[in-house]
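One structure below.
The values are calculated or read from the model by the stated rules, or taken from the named source; none is laboratory data. Predicted model only: the values in this text are computed from it and were never measured. Please note: Cβ atoms are built from the backbone with ideal geometry, for glycine as well, and neighbour counts cover all protein chains shown. Areas reflect the complete protein model, heavy atoms only, side chains present, ligands, DNA and RNA absent. Shrake-Rupley method; radii C 1.70, N 1.55, O 1.52, S 1.80 Å.
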Amino acid sequence: MENFLTIFKRSFQVEGIRRKLVFTALIFIVFRLFAHIPVAGVNVASLKNLFSQNQFLGLLDIFSGGTLANFSIMALGLNPYINASIILQLLTMVFPKLEELSKEGESGRQKINQYTRMLTVPLAALQAVGMYALIRSQGLIANLTPIQLLSFIITMTAGTMLLVWLGELITERGVGNGISLLIFAGIVGRLPVSFTQTASTISTTSITSIIVFVVMAIIVIASIVLINEAVRQVPVYYAKRVKGNKVYGGQNTHIPLRLNQAGVIPIIFAVSLVLIPSLLGNYFSTAKNAFLHSIALSVSTWFNPNGFTYNALYFILVVGFTYFYTAVIFNPKKISEDIQKYGGFIPGIRPGTSTAHYLNYILTRITLIGALFLGIIAIFPTIARSITGIQTLLLGGTSILIVVSVILETVKALEAQLVMRNYDSYIK
């Protein structure tokens with residue numbers, strides 16, 4: 001892969017691609033403008049303090065593109081849409097009609113996207129109610145009348161759908177996946193604040209700790225690139241078939257099995273479960289009932305994000321969900337049936353059931369590497385904090401994974417656009 005700056009320079013020299021890049025940049029500007037329009041009646045300063053102490057809310061802030069900590073009209077961000085996408089993807093494996101719809105090409109994908117947007121609306125409304133209950137329990141917002149609460153829910157839901165629309169505009173008219181790029185923009189947009197906070201504490205932080213942190217960051221980024229690009233290629237041969245005067249098949253290809261098939265989804269699942277106890281503990285910490293108050297304090301102590309219990313459970317859940325989600329999105333039996341249907345075979349392996357078992361055997365082994373890697377990435381902030389002592393400049397492992405993955409995907413999209421333009425010039 002060529003250097004990113006070189007690819008970007010070449011892309012900007014092509015009028016069609018330059019127009020897409022400019023359009024994407026304009027959408028980013030609109031997104032950042034809306035990200036600073038706050039909802040009335042919320043104590044933003046206290047809210048940011050709450051988010052800095054809760055990793056689950058911090059993760060939601062990542063997927064909102066940094067709008068949740070400011071509690072803007074886009075405070076819910078893309079989280080309801082991501083949840084709806086995951087639910088639809090899981091339902092596709094359960095309901096045959098949805099599976100058939102997913103195989104109908106572009107029209108089927110558009111229909112599933114429509115269902116995803118429809119499911120996003122109730123999920124966003126439900127999350128808006130939960131967010132209101134949380135910030136009210138912390139004294140960050142006054143009690144609202146039913147009409148005010150309805151207005152609050154509608155505003156939050158509309159903000160989410162507006163953000164989804166902006167992301168789809170980027171996907172349709174810009175470069176790359178719009179949803180991923182908006183999340184990327186939110187993470188990168190918060191970097192100047194983190195650097196400023198770190199610069200103010202350099203006098204109290206040893207130079208050695210800063211060097212160690214930089215080295216760790218470089219190693220993590222290089223590891224993410226390596227794991228994301230690592231592929232186990234399973235060779236597949238297709239026998240020659242003669243029909244009339246034409247010969248079909250006789251080709252050699254391969255099945256690319258990625259080490260990290262699941263992406264960042266297992267971390268989302270795991271963090272949603274492991275942080276529910278601490279979230280409930282924060283909610284009931286202000287309870288007047290002494291029994292509930294004592295339970296809330298115990299739960300908060302046991303599930304402290306810096307504690308061993310929390311991180312061990314987090315790591316185990318990430319590994320488990322990686323295997324689960326990989327099994328959902330990759331079906332060895334279906335792949336083997338497709339290979340056999342078109343007259344293909346893996347050298348040394350009988351077609352059919354034996355091929356499915358062989359693919360499952362390989363996938364299980366390589367997924368272990370990806371699962372362990374995702375588990376380490378998930379608990380990386382705690383590891384870096386304990387080694388360096390730097391508390392401010394700590395982009396979570398999830399954030400780094402998203403940023404690096406989006407950059408790689410965008411570079412590939414630009415490369416594809418350049419290759420397509422070259423082919424068009426040859427045809428002309």
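If TYR423 satisfies every condition in (1) of a type in the set (Ser, Thr, Tyr); (2) at pLDDT 80 or above; (3) open to solvent by 30 Å² or more (accessible area, probe 1.4 Å) but one, which is the exception?
All conditions pass for TYR423, except number (2).
List every residue pair whose Cβ atoms sit under 8 Å apart, with the two residues 6 or more apart in sequence or on different chains, where the first one lies in segment 342-358 and is without any contact (Cβ under 8 Å) to a residue 60 or more places away in the chain and the second, anywhere, is in a helix (DSSP H, G or I) and of a type in the set (Ser, Thr, Tyr).
Correct list of pairs: ILE349/THR355; ILE349/TYR358; PRO351/SER336; GLY352/SER336; THR353/SER336; THR355/SER336; ALA356/SER336.
If you check GLU104 against the conditions, is it under 29 Å from LEU418 (Cβ atoms), at pLDDT below 90 and among the acidic types (Asp, Glu)?
It is false that GLU104 is under 29 Å from LEU418 (Cβ atoms), at pLDDT below 90 and among the acidic types (Asp, Glu).
Answer yes or no as to whether ILE366 is open to solvent by less than 80 Å² (accessible area, probe 1.4 Å), among the hydrophobic types (A, V, I, L, M, F, W, C) and under 12 Å from ASN260 (Cα atoms).
It is true that ILE366 is open to solvent by less than 80 Å² (accessible area, probe 1.4 Å), among the hydrophobic types (A, V, I, L, M, F, W, C) and under 12 Å from ASN260 (Cα atoms).
For segment 100-118, which residues satisfy the criterion of being under 18 Å from PHE330 (Cα atoms) and surrounded by 14 or more Cβ atoms within 10 Å (Cβ to Cβ)?
If the condition is that a residue be under 18 Å from PHE330 (Cα atoms) and surrounded by 14 or more Cβ atoms within 10 Å (Cβ to Cβ), then LEU101, SER102 are the ones that fit.
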